[in-house]
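What follows is one structure encoded as structure tokens, with my remarks underneath.
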Amino acid sequence: MYENKAYMKTEGDINLTDARQAWLSDQVDDAVRTILQEDEDVFLHQTLSSPCLNVLSACEGIYVEDAQGRRIMDFHGNNVHQLGFGHPEVIEAVKQQLDQLSFCTRRYTNVPAIDLANKLVELTNGSLSRVLFAPGATSAIGMALKLARAVTGKYKTLSMWGAFHGASLDAKSVGGEGAFRRGLGPLLPGAEHVIPFNSYRCVFSGFYRICG
């Protein structure tokens, strides 16, 4: 999968380039290398994110801290920590809920869940009237696909090359990154993919009339 350097230039990351070895040689110590090797030995590898590049030990605000004590500003963009790492109000709310009711199957309901659902509806200014919680973003994609099929009776989807929608089988099917789909056999039918609308980093060597 990773032999084609031009292919991985668009779909890969530094984990698949010489920069990885340079980082491991110059920027991490022996203790970190040992932990990274332990991680590599015990976890199944994922398409692009492993083997891991570093070991984190703490986080606060906009920073993560690695095992060597270096503080790194986090630009990852995961929406689960947009308020910052270790936000005291978030921690207190989580602790309070864990003490009171740590889990509730959907066969039952609870006031905090209803309050959150109402808040989400309120934030849409009335354009949405119902919500459905998901354990994660990838699961939300799968739920959205099923809902769209049920409502429209149609099954085709359209996404752009390079688009990432998650790592489950249904999300890989509608996603546009070939590295995540190769070698998995037949995926969901009707998943169509098109050229990105923007000519930035055009896969056709900058022929803007094709990409733009």
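Once the range 24-48 is narrowed to residues that are surrounded by 13 or more Cβ atoms within 10 Å (Cβ to Cβ) and within 30 Å of Met160 (Cβ to Cβ), the residue that is modelled with the highest pLDDT is Leu48. Count of the range 49-86 residues, restricted to those that are over 23 Å from Gly166 (Cα atoms) and among the hydroxyl-bearing types (Ser, Thr, Tyr), is 2. When residues in the range 172-197 are screened for being within 15 Å of Lys156 (Cβ to Cβ) and loosely packed, with under 12 Cβ neighbours inside 10 Å, 3 of them pass.
Residues in the range 25-52 that are in contact (Cβ under 8 Å) with a residue 12 or more places away in the chain and either in a helix (DSSP H, G or I) or in contact with a His (Cβ under 9 Å, 6 or more places away or on another chain) (or both): Ala31, Val32, Ile35, Leu36, Asp39, Glu40, Pro51. Scanning the range 124-171 for residues that are more than 22 Å from the chain's Cα centre (by Cα), polar (S, T, N, Q) and either surrounded by 13 or more Cβ atoms within 10 Å (Cβ to Cβ) or in a loop (DSSP other than H, G, I, E, B) (or both) yields Thr124, Asn125, Ser127, Ser129.
The values are calculated or read from the model by the stated rules, or taken from the named source; none is laboratory data. Just so it is clear, the structure is predicted and the values come from calculations on it, not from any experiment. All Cβ positions, even for glycine, are placed from backbone atoms using ideal geometry, and neighbour counts span all protein chains on display.
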